[in-house]
1. Just the residues that are without any contact (Cβ under 8 Å) to a residue 12 or more places away in the chain, closer than 18 Å to Leu50 by Cα and open to solvent by 50 Å² or more (accessible area, probe 1.4 Å), please, taken from the stretch 98-124.
2. Give me the pairs, please: first residue somewhere in the stretch 50-61 and within 19 Å of Gln118 (Cα to Cα), second residue anywhere and in a strand (DSSP E or B) and open to solvent by 10 Å² or more (accessible area, probe 1.4 Å), beta-carbon distance under 8 Å, and either six or more positions apart or on two chains.
3. Restricting to the stretch 10-49, what's the tally of residues that are without any contact (Cβ under 8 Å) to a residue 24 or more places away in the chain and under 19 Å from Tyr103 (Cα atoms)?
4. Picking from Asp11, Asp54, which residue would you name as being out of contact with any strand residue (DSSP E or B) (no Cβ under 9 Å at 6 or more places or on another chain), at pLDDT 95 or above and of a type in the set (D, E, K, R)?
5. Could you check the stretch 10-52 and list, in sequence order, the residues that are out of contact with any Cys (no Cβ under 8 Å at 6 or more places or on another chain), open to solvent by less than 50 Å² (accessible area, probe 1.4 Å) and β-branched (Val, Ile, Thr)?
6. What about Asn86, is it surrounded by fewer than 13 Cβ atoms within 10 Å (Cβ to Cβ) and either farther than 18 Å from Leu119 by Cβ or among the acidic types (Asp, Glu) (or both)?
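The values are calculated or read from the model by the stated rules, or taken from the named source; none is laboratory data. For clarity, every value in this text was computed on a predicted model and none was experimentally measured. Glycine also receives a Cβ, built like all others from the backbone with ideal geometry; neighbour counts cover every protein chain displayed. Heads up: the accessible areas ignore ligands, DNA and RNA and are worked out on the full protein's heavy atoms, side chains in. Shrake-Rupley method; radii C 1.70, N 1.55, O 1.52, S 1.80 Å.
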Amino acid sequence: MDHKKILIVDDSRTVTRIVQTALESEGYGVRCAFSGEEALFYLGGYSPDLIILDVVMPQMSGLEVLAKLKDSPNTSAIPVIVLTVNGEHDDILEGYKLGAAYYIIKPFKPAELIHGIQLVLGLENRTSAA
């Protein structure tokens, strides 16, 4: 199986632990960053297949991180799933305008996240047959 690499960016260690556990159980390789700055630093030498990005973070919001990712030729092609408590219509539209591939509102079910990842990565028709 082709192990896809995913970077989780969320200032909540509880959320990152939940997401990391769910993704690793599905065979994904996972790294975590706990701030936008840390994520941008990681991306200097790490190229994930997908980024899961919280919006509400101190110092630099996820939407600011998303704008920087999409403005950089090195990261603009990496799909981003926004995972946030910001579920208002305008918040969702802003995320998509900035280049999010998918938008999931917290609280979420791990199965919902896995399905979103599969859709974004074009894996929705695969089964986990060994």
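1. Passing the criteria: Ala111, Glu112, His115, Gly122, Glu124.
2. Every condition considered, the pairs that remain are Leu50/Lys5.
3. Selection size over the stretch 10-49: 2.
4. On the way: Asp54 fails: out of contact with any strand residue (DSSP E or B) (no Cβ under 9 Å at 6 or more places or on another chain).
Only one candidate qualifies: Asp11.
5. The answer is Val15, Val19, Val30, Ile51, Ile52.
6. Working: surrounded by fewer than 13 Cβ atoms within 10 Å (Cβ to Cβ): no; either farther than 18 Å from Leu119 by Cβ or among the acidic types (Asp, Glu) (or both): yes.
The answer is no for Asn86.
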